[in-house]
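Read the structure below first, then the notes.
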Amino acid sequence: MPVPLAPYPTPPAPHTPPSANGQQSQLVCSGCRNLLLYPVGASSVCCAVCNAVTAVPPPGTEMAQLICGGCHTLLMYIRGATSVQCSCCHTVNLAMEGINKHHRAEVQQLNQTIYRAKLNDTETLLSWFC
């Protein structure tokens, strides 16, 4: 006679801290650089892809984004910064927030040129600024 199988127990619902009106915000994972959504009010976020825990900036901190001129990774930084160093390829990118639209293409080109010069010849890069 066959033995009846017991049903699988229902897994507990994951705990989600209450958020302000269900609002969400976003930040870049400190481990794998994926964009993470999290409920407003959280102090840290655990990435579902790489399990890295990323600290959430304090409330009221305005963030901006740019694409790295060296490796094309999305970078997030505190608004007002003049430059941002990429955590992947270590390129120092000029922040374009205060730059008008006419000069943005020039700054993007400069970011890429600096990265290429860094790869090709560090002395070339130094000669530009010395």
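Every number here is computed from the coordinates shown, using simple stated rules; none is lab data. Fair warning: this is a prediction, and the values are worked out from it, not measured in the lab. No Cβ is skipped: glycine too gets one built from the backbone with ideal geometry, and neighbour counts run over all protein chains shown.
For the pair Ala64 and Ser30, label points projected 7 Å from Cα toward Cβ lie 2.3 nm apart. One decimal place: the segment Val53-Arg79 gains 7.1 nm when fully extended, by the rule 0.36 nm per residue minus the C-alpha distance. Extension gain for the segment Leu37 to Cys89, taken as residue separation times 0.36 nm less the Cα-Cα distance, is 16.3 nm to one decimal. Under a 5 Å amide H cut-off, with hydrogens placed 1.01 Å from N, Val28 pairs with Leu36 among residues at least 5 apart or on other chains. Peptides 32-41, 48-57, 62-71 ranked from most to least packed, by the mean per-residue count of other Cβ atoms within 10 Å: 62-71, 32-41, 48-57.
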